[in-house]
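Notes follow once the structure below has been shown.
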Amino acid sequence: MTLVEFPSFRRAQGALPFFIGMLSLFLVVLYPLLPDALLRIFASLLLAALFFQSLFGGGYSAFHAGAITSLSFAQAGLFVSTTGGAGSIWLALASFCIAMTAADFVRHHDARRVMALGAALSFAQGLDPLGGLLALFLLPLCVGLPRSGETRDKAGLFALLLFMPMVTAIVLAYTRQNLGADLSLHPNTSPSAAMPLTLLLCLCFASAPTLWLTTLVPRLKHPAGLITVYTALALLLAVTLKVLTGTPPDFASLLGAGAAISVAALCSWKPSARNQSLALAAVTLATLVSWLLFNLPFAVI
Amino acid sequence: MGPSGAASSARSARSFRRVDLARHPPDPALAHVADLKSCLADGFVPWRREYGRLVIACAQPSLARHAKIRAACREPVTLAAAPANAVFDAVEAQHRARLTHDAIYSLADAEPELCANRTITRAQSVVFGILAIIALGATVVWPQIMLQILAGCLAASYLANILFRTALVWCGAGETETPPHLRLADTDLPLYTILVPLYREAAVLPRLVQALRALDYPQDKLDIKLVIEADDAETRAALARLNLDASFHAVIVPPSNPRTKPKACNYALRFARGEFTVIFDAEDRPEPDQLRKAVARFRAEPENVSCLQARLNFYNRNENWLTRLFALDYALWFDFLLPGLDALAVPMPLGGTSNHFRTSVLHAIHGWDSFNVTEDADLGIRLARLGQRAATLDSTTYEEATNSTHNWLKQRSRWIKGYMQTWLVHMRHPLALWRHAGARGFFAFQLFIGGSILSSLANPLMWAVFLAFHAAGITLFSGVLGDVLARISLFSLIVGNCLFIYLAMLGPFRRGWLELTPYGLTAPLYWLLISAAAYRAAWELIRRPFHWEKTSHGVSRFEVAEA
């Protein structure tokens, strides 16, 4: 069961776009006035709720869903991001939303999932500097996964999925350059902050050649799980690109995003009793490893 | 009626004397022996007096009917058999004046406050006048504050409109209509009336007949009314050449004003014999199983679901840019927005064709408003106000999209004019609308009907203002409206328009017509046309509110096979 299939959610679904719209408007107008701690708490609670709901809705028991959610937040990346020690919770939120909506879209391939994926991809633009790059890398896979259809249909699907993140990028760049207002949550580190609008547009269009990846896709058997793995790879690639362009790596954010993606991967796993226990064990192990990884750079330095 | 009942009825009809009403028409002096309602309900016409006894020509004479007709005529009668179409033609000839009056004024007589025969009431004129004076006066005294109020109101209504449409698309996309797939036996299917209003449609008539014959429904259970204007000699001649069977009945509408499709439909509705009635346009190509699906759905739904709106789209969508954008428009409307209204159970403005009704309800609400040029949209709202529901039917009727800008503008301006009429009619008493439709229905009506009109009129103005301010420097924009209001206005305008484009691109997704999706990027040009049509509609509403601008059909070079 996905979020949209919850009975209470179905009853209130008509109000959802109003809620999202009002929240967006609220952020546009009031975001600069809100304290960072408040936003961080909001993001953490939202992410925890999404973790729990996705696991529980995916067939995990309440105990396992709660335990996996708690252990995920005990992992180094999410822990320090939530407590404000370092990094950013937003990249984790963006990665999780993209991975979940992409997997959901590939499974169901209906209009609602298209909207959800488009919204997640564009939401990611404003959440974190890597959100835009994630969107660019992930799109071709989403377009390619539907097994049938002519090239022109895939072009239409590509246009449909690319439209929202592209427009978001343009709007963010426009408001920054012409209104002097940065609507993203990371104005100083956003790649679009330093880029002129035209370059950003070129970057969006440049993603088209990556469509060749879609030729590999029809051979794959488990798209939902694959998407999460692919998201992780895309994230690594995006981070590498970022490091190559001279921005220092942000291990806390990266580890947090990794934790979020692993939860997304668990959601696509068939949750038999044995698998639930295995998942719990894996997340426990990941928590320990994450603290080792988090402290490793300091130890090396 | 079961098979044994039908057989006994046929045997019974064979035992009566047959009369030829074409060669021996009824005596006009007998027109008032029985009232029109009884004549139509029981399918009879007082024919002659023979040896002092009244002879009645009846479509389905039987002993049971004999008693009813005798009661209606209040004297002993002798029944004779005649073809149903001939009987109804004779009734029509005898009661033409009354039928014409009813077709035009039935709603106006019964519910004057719901009829568009007055474009604007005195109370509305006073309210609008006072608001205009206040706005003008305030603009002179406090120009900047008024500009801010105007911008704020426009931004808020724009935002509410786009959010509502997004909500509808979201809800409509989740609507997984699962019609009962039970295939009803032919004997269980009821008589189905099909109304097809025709005006100067000689060219498409053969293809229409072909499409109606292709319907997967027993021919003897179809009551097809081809509704033709009396002075449309061309279509009448084309019809005569087709040599149609008894399931087709040509209803000739005498000339009278207003010359609108709803008036013609009202006229023909009096002769409808089916349990259900559907409207098709001349160029329509319904999917063959549409009537069966509708019957199954009606049987499965509660009684208050009195209308089913089938989906519409175009078989000539790939003809040119305009038809592609029109197809995107229709796909969004019929595949997402209307199912969204259905899911939220709010008033649904019906589309122009393929509306299936329970005939009894249609009679009870006095048919269509003859003075409203989007009578279908108005009917959907009236149904909701009476506690009835309209739902969507998962079956498509393919139409011909207008492929020239001139023709499209005429059609679209008529639709927008009709929306303006509908909004004005139902806002004569806003509290009554609130009471009847509920708060949700009231706001849905404002956003869907009012919002469509407002966004069509305001969109070019808002863009012009935005571009002008942009050219003058954004500081001025913020300076005039204030920082917060400037942000809200820009958010509404830019994000709102982008969302509209996105929804246009999403439109064909359900049908898998993704080759049309990239054309959604050109939707702003299409909106310019819509705005032009909206201003034309406003002018037409003032100049000639009931004028029906005819859309030309049969001009596409595409055939239905390409759908």
Subject >> Contact order normalised by residue count of chain B, Cα under 8 Å, 6+ apart, percent >> reply: 17 percent
Original post:
What shape does the stretch B:393-533 take by its C-alpha gyration tensor, where a ≥ b ≥ c are the square roots of the eigenvalues and a/c under 1.5 counts as rounded, a/b above b/c as prolate, and the rest as oblate?
Top reply: oblate
Original post:
Taking the simple approach of a point 7 Å from Cα along Cα-to-Cβ for both residue B:439 and residue B:139, what is their distance in nm?
Top reply: 3.4 nm
Original post:
Tell me, what is the FRET efficiency for residue B:233 and residue B:467 to the nearest 0.05, using R0 = 51 angstrom and their Cβ-Cβ distance as r?
Top reply: 0.45
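Within the set B:410/B:550; B:37/B:68; B:263/B:293; B:261/B:417, which residue pairs have Cα atoms separated by over 19 Å? Could the numbers behind the result be given before it?
Working: B:410/B:550 8 Å; B:37/B:68 12 Å; B:263/B:293 28 Å; B:261/B:417 15 Å.
Exceeds cut-off: B:263/B:293.
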Subject >> Along principal axes, Cα extents of the stretch B:96-563, largest first, whole Å >> reply: 73, 50, 43
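Grab the other residues whose beta carbon is less than 15 angstrom from that of residue B:496, score K and R as +1, D and E as -1, and report the net.
Working: positive: B:165, B:487; negative: none.
Residues near residue B:496 contribute +2 overall.
I need the calculated FRET efficiency for the pair residue B:203 and residue A:110, taking r as the beta carbon distance and R₀ as 41 Å, to the nearest 0.05.
Values: r = 40 Å, r/R0 = 0.97.
The calculated FRET efficiency here is 0.55.
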**OP:** Answer with one residue from B:66, B:46, B:84: the one whose Cα lies farthest towards the positive end of the charge dipole of the stretch B:3-94, charges on Cβ with Lys, Arg +1 and Asp, Glu -1.
**Re:** B:66
Original post:
Put a dot 7 Å past each Cα toward the Cβ at residue B:557 and residue B:214; how far apart are the dots in nm?
Top reply: 2.2 nm
Subject >> Hydrodynamic radius of the stretch B:169-268 per Kirkwood, over alpha carbon pairs, in Å >> reply: 15.7 Å
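Which length gain, in nm to one decimal place, applies between residue B:147 and residue B:130 when the Cα-Cα distance is subtracted from 0.36 nm times their residue separation?
Working: separation 17, 0.36 × 17 = 6.12 nm, distance 1.86 nm.
Roughly 4.3 nm would be gained on extension.
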**OP:** Specify whether the C-alpha gyration tensor of the stretch B:380-447 places it in the rounded, prolate or oblate class, a ≥ b ≥ c being the square roots of the eigenvalues: rounded for a/c under 1.5, otherwise prolate if a/b is larger than b/c and oblate if not.
**Re:** oblate
Original post:
If you put +1 on each Lys and Arg Cβ and -1 on each Asp and Glu Cβ, how big is the dipole of the stretch B:96-563 around its Cα centre, in Debye rounded to 20?
Top reply: 900 debye
**OP:** For residue B:110, put the label point 7 Å out on the Cα→Cβ axis and report which residues of the stretch B:20-42 keep their amide N under 19 Å from it.
**Re:** B:35-42
**OP:** Work out Dmax and Rg for the stretch B:3-94 from the C-alpha atoms and quote the Rg first, both in angstrom.
**Re:** 12.1, 39
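What helices in chain B pass both tests, a Cα length along the helix axis of 27 Å or more and a mean Kyte hydropathy of 1.6 or higher, using whole DSSP H runs? Before the final figure, lay out the partial values.
On the way: long enough: B:122-141 (28 Å, 1.88); B:143-174 (46 Å, 1.23); B:405-426 (31 Å, -1.00); B:451-472 (30 Å, 1.29); B:523-543 (30 Å, 0.75).
Passing helices, by number: B:122-141.
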Original post:
What is the distance, in nm, between label points placed 7 Å from the Cα along the Cα-to-Cβ direction at residue B:532 and at residue B:428?
Top reply: 3.5 nm
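Readers should treat all values here as calculations from the given coordinates under stated rules, not as data from a laboratory. Just so we're clear, the structure is a prediction, and the values are computed from it rather than from any experiment. All Cβ positions, even for glycine, are placed from backbone atoms using ideal geometry, and neighbour counts span all protein chains on display.
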